[in-house]
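Inspection log for the structure reproduced underneath, given as structure tokens.
The values are calculated or read from the model by the stated rules, or taken from the named source; none is laboratory data. Everything numeric here is computed off the predicted structure, so don't read it as measured data. Neighbour counts run over all protein chains shown; Cβ positions are idealised from the backbone, glycine included.
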Amino acid sequence: MGLALTWLGLGLFWRGNTGKPSATALKLGRPMIELLQFISYLLTIYVYIVIAMAILSWLIAFNVVNTRNPVVRMIAELLYRLTEPALRPIRNLLPNMGGIDISPIILFLIIIFIQSVILPNIAKLFV
């Protein structure tokens, strides 16, 4: 009864009575943990992109920067294209808040949940 199954994405590997993963499981686990760390890093970069989009939208709304400038227009378009696919479904679910957009905050909470709950639990499967 001391045997347990461990799922490593590529197959099932048996653990012995000691509960330690096999050598094959260890070989496959390290690259997967590095991949999960890379995904967490990408999510952190995406948070910074959303923050940049929020700041730029405020600067445009208060006429600090002008969208007639081609550089500003290019940066705004890039940030819009990067953030809108994640923010649009959240905006569709939220009720009308009278001009206040809290979808970036909801997205931050989702990313924090992924980084602090989902990714560590997936990483535990590979250790």
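Points worth noting:
- For residue 44, the stated conditions do not hold, so it cannot be described as within 19 Å of the chain's Cα centre (by Cα), surrounded by 15 or more Cβ atoms within 10 Å (Cβ to Cβ) and assigned to a helix (DSSP H, G or I).
- With respect to the conditions (1) free of Cβ contacts under 8 Å to residues at least 24 places away in the same chain; (2) part of a helix (DSSP H, G or I), residue 65 lacks only one, and its number is (2).
- Number of residues in the range 68-87 that are surrounded by 11 or more Cβ atoms within 10 Å (Cβ to Cβ) and in a helix (DSSP H, G or I) equals 13.
- Residue match in the range 112-120 (condition: surrounded by 13 or more Cβ atoms within 10 Å (Cβ to Cβ), over 13 Å from the mean Cα position of the chain (by Cα) and farther than 13 Å from residue 46 by Cα): no
- The residue list 112, 90, 118, 106 contains one member that is part of a helix (DSSP H, G or I), β-branched (Val, Ile, Thr), touching a Ser or Thr at 6+ places or on another chain (Cβ under 7 Å) and at pLDDT 95 or above, which is 90.
Each row is one residue, and each column tells you yes or no for (1) on the phi < 0 side of the Ramachandran plot; (2) surrounded by 11 or more Cβ atoms within 10 Å (Cβ to Cβ); (3) at pLDDT 95 or above; (4) not in a helix (DSSP H, G or I).
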site: 14; (1), (2), (3), (4): yes, yes, no, yes
site: 17; (1), (2), (3), (4): yes, no, no, yes
site: 30; (1), (2), (3), (4): yes, yes, no, no
site: 51; (1), (2), (3), (4): yes, yes, yes, no
site: 95; (1), (2), (3), (4): yes, no, no, yes
site: 99; (1), (2), (3), (4): no, no, no, yes
